[in-house]
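The values are calculated or read from the model by the stated rules, or taken from the named source; none is laboratory data. Keep in mind that this is a model prediction, so the values were computed, not measured. Cβ placement follows ideal geometry from the backbone for every residue including glycine, while neighbour counts extend to all protein chains displayed. In case anyone asks, the SASA skips ligands and DNA or RNA and just uses the protein heavy atoms, side chains included. Shrake-Rupley method; radii C 1.70, N 1.55, O 1.52, S 1.80 Å.
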Amino acid sequence: MYTLLWLQGLTCNGNTQSLLNAENPSFYTLFDKINLLYHPSISYDVDLFEIINQIKNDKLPLTFLVVEGSITSDKRFFSIGDYSIAQIIDALKEKADYIIAVGNCACFGNIPANFDKNSDVKGLQFRFKEKKGFLPSNFKSKKGYPVINISGCPIHPQWFVSTILNLLYKKPVYLDGFNRPKELYMYLTHDGCTRNEYFEWKVELEEFGHKEGCLFYNQGCRGPLTHSPCNKVLWNNTSSKTRAGMPCIGCTEFDFPLRENFFETKKNMGIPEEVPIGVSKRVYITITGVAKTLKNERVNKRLEETE
Amino acid sequence: MPEITKTVLNRVEGEITLKLIWENDVIKDAFIIAPNFRGFEFILEGKPPLDALVITPRICGICGHAHLMASTFALEQIYKSAGYKLEISEKARLIRNITLACEIIQNHIRWFYIFVYPDFLSLENKVSLKDFEPIKGKKWRKAVDFSSKIVKIISIFGGQWPHTSYSLPGGVMCEPTNMEIVSAVGIVDEVLRYFEEDIIGMNIEDYLQITSLREFINKSSGDLATFIKLSKKFHLHKTGRAYNRFISVADFDTLFCSGITSRKKRLFDIKKVKEVDTYSYLLKDKSFSFDKKKYSWSKAVRYEGLPYETGPLARQINSENQLFLNLNKKLRDSYLVRIWARVDEIGKLLVFVKNCLKKINIKEPSYIKPVKDIKELEGEGYGLVEAARGSLIHRVSVKEGKIKDYNIITPSVWNLGPRCRKYLSPAEKAIIGQKSELTAHMILRSFDVCSVCTTH
Ligand code: SF4
């Protein structure tokens, strides 16, 4: 029997809401194969503490321990009944085959870790960039994985569903430097954006509200600097922020809430201060110069007016 | 000796603890404890003003879009109060209304099936309600599917749901094509058909003519009618009453009106809204107190010193909707009436969204750049929005290019905040007198509890 227990720390519940949107397969079809022990938004006749006790006493196996939200051991700021979320995770950490952090709060601490009146807010195994999360840096769950981080604020439902299925079907899950499944986070948000043509030819979006133009130059788009398949696995199976016209804010990366001015590109003498991952500034400037001197008639017209 | 029970309530947005004081098997007092605090108002301080558009939606995973709109409006008001003209195209206004309405539709469908219906599985025999069983039940699954379908419209305009920040002072960031707009109309039609077939069990035109409970259950066999019959069976049509006083802080286009209704309807005046911190860990001056009598991270909020209920029922009453005026006259603000008002909104909002979609003129600009960068302005602005759970108020003040102060009063603060010296909150009041813990929980859920918004 496979089982899944879902816990929430300091969170907005956005990952749960996002997961309910999953299609092909739906979130609920996962539970044809897995017994959902408890989810705070879904369960109706189970007692969380009874479940925890059974797991602790090896009366119930725990395949997946899923955590949404940042961790704090300060009960004044977060408690479930008489316990802190830290105490509950502590009680279960040795029992789970896999521990999965969903969303940037559980992965890195995220926005709640920016609240300076409670300095004890972290992710499960990271606090922002550093491996100074709630669990030790060398922690491994029973099956030998560190906490598997599915980052994003919120996560795309398919990222979670695919990771769980991958583990269920006993395929290895390769992880990147932030312990995120590599097959998901090896893409950049930029990959597959409908504005790629404008990026290639360095045609900037002058102002919000247009289909044409790339948001990298003025609106602060983090697409070429952010690891996510947002433009490969579309949101709500429909679109993505950058396709719609909103800059990528880099919400799958540890530093998401540490950055400011999300809708502006920091520039130095007209050149974006941060250039796409994989290219040096020199290369970027050269290619920009070349692209700008060559003419592509299509990208300077409204899409409706192109040939 | 009175007996005390304390339960962590699940199947709400986030978790809430309910402390009940019993005397002779009757609930004599109820404390709604919101035990978790993330500090959004603190985190926003000192940030560039437009960053609020990214941060505030993350207060809540189910109604984040309403926070985005509240931030947008609050920032836009800063332009206006500084004497600058700020233009918004009709197209941008329509698109904002559409996406906000779609989030509310999503919320109400999910809440009715995921949070409300399962309570009856514990009350009624499970066999007859097996379609409503979480995860497995056909109807439970259908509700998840259709609530996920409607937010595809937010994705068309905003790129994703939850947590897009596609609206900003001056308009919206998208430029939809006609084909995208009509595919959104197609989505509305599908969800509307589901609403008609499954939820109300009749077509929407006939439903909107209904003016009484009897008339509806005679004509319908949908899930709403089943719910009404179950509620009556367990006497929930006459319990769960709060103060019968209603507040809505903003008009929802022409669909719902703002207002204050106690005995008579009056106009809403923001100056009469006051926060009270007597029983809250968080004090008005932004310090903390863990004094013994304190029990919630939420402050209380009062209008002219009195507690008011907000939400769909308040919107219906303040909009003088005939069905709900009639229901309210007979049953007051009971469990049944409160929940019906939420479900009722799904249909009205779907029709509204469809009309808005048809009105969009794609030739108009999506965004009209404000004359000045907001960082050059100083002042204070309010953003008033009717969200899924009711009245949401953001107040922002900007100085020297930064957010100086940000204050948020969510709908759940109105309904589920703690007491003040004189009055319990509406939800606390509604629970008193109950004889079972389960019905106490059900009544609390009828307010559509969102603990993450309550404290933020
Ligand atoms: S808008 Fe962003 S994601 Fe899209 S092409 Fe430009 S840089 Fe890449």
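Remarks
- When residue A:285 is tested against (1) more than 11 Å from chain B (Cβ to nearest Cβ); (2) assigned to a loop (DSSP other than H, G, I, E, B), exactly one condition is not met: (2).
- Any hit, segment B:64-80, residues being part of a strand (DSSP E or B), of a type in the set (A, V, I, L, M, F, W, C), away from chain A (no Cβ under 14 Å) and in contact (Cβ under 8 Å) with a residue 60 or more places away in the chain: no
- Some residue of segment A:195-208 being outside any helix (DSSP H, G or I), within 12 Å of another protein chain (Cβ to nearest Cβ), out of contact with any Leu (no Cβ under 6 Å at 6 or more places or on another chain) and open to solvent by 40 Å² or more (accessible area, probe 1.4 Å): yes
- Qualifying residue in segment B:208-223 (condition: out of contact with any strand residue (DSSP E or B) (no Cβ under 9 Å at 6 or more places or on another chain), open to solvent by less than 20 Å² (accessible area, probe 1.4 Å) and within 28 Å of residue B:429 (Cβ to Cβ)): yes
- Checking the stated criteria, residue A:137 turns out not to satisfy the condition of being over 11 Å from the mean Cα position of the chain (by Cα), of a type outside the set (Asp, Glu) and within 21 Å of residue B:38 (Cα to Cα).
- The residues on offer are A:212, A:260, A:274, and the sole one that is part of a loop (DSSP other than H, G, I, E, B) and away from the ligand (no atom under 14 Å from the Cβ) is A:260.
- Residue in segment B:99-115 that is part of a loop (DSSP other than H, G, I, E, B), out of contact with any Lys or Arg (no Cβ under 9 Å at 6 or more places or on another chain) and either aromatic (Phe, Trp, Tyr) or open to solvent by less than 10 Å² (accessible area, probe 1.4 Å) (or both) present: no
- The set of residues in segment B:148-190 being facing chain A (nearest Cβ under 7 Å), in contact with a Leu (Cβ under 7 Å, 6 or more places away or on another chain) and part of a helix (DSSP H, G or I) consists of B:148 alone.
- Whenever a residue of segment A:22-37 is more than 18 Å from residue A:2 (Cα to Cα), its partners that are open to solvent by 20 Å² or more (accessible area, probe 1.4 Å), lying with C-beta atoms within less than 6 angstrom and at least six residues away or across chains, give the pairs A:23/A:237.
- Filter result for the condition that a residue is within 7 Å of chain B (Cβ to nearest Cβ) and within 25 Å of residue B:142 (Cα to Cα), over A:28, A:38: A:28
- Scan of segment A:209-243 for residues that are more than 10 Å from chain B (Cβ to nearest Cβ), of a type in the set (Lys, Arg) and touching a residue at least 40 places away in the same chain (Cβ under 8 Å), ordered by number: A:232
- Considering only residues in segment A:175-192 that are over 18 Å from residue A:265 (Cα atoms) and open to solvent by less than 20 Å² (accessible area, probe 1.4 Å), the one that is nearest to the ligand (Cβ to nearest atom) turns out to be A:185.
Yes/no per residue for (1) among the aliphatic types (A, V, I, L, M); (2) surrounded by fewer than 24 Cβ atoms within 10 Å (Cβ to Cβ); (3) within 30 Å of residue A:245 (Cα to Cα); (4) free of Cβ contacts under 8 Å to residues at least 12 places away in the same chain:
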residue: B:354; (1), (2), (3), (4): no, yes, yes, no
residue: B:359; (1), (2), (3), (4): no, yes, yes, no
residue: B:389; (1), (2), (3), (4): no, no, yes, no
residue: B:395; (1), (2), (3), (4): no, yes, yes, no
residue: B:410; (1), (2), (3), (4): no, no, yes, no
residue: B:417; (1), (2), (3), (4): no, no, no, no
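- Filtered residue count, segment A:221-235, keeping only those that are more than 7 Å from the ligand (Cβ to nearest atom), open to solvent by less than 10 Å² (accessible area, probe 1.4 Å) and not β-branched (Val, Ile, Thr): 3
- Scan segment A:199-209 for residues that are more than 11 Å from the ligand (Cβ to nearest atom) and of a type in the set (Asp, Glu) and the total you get is 2.
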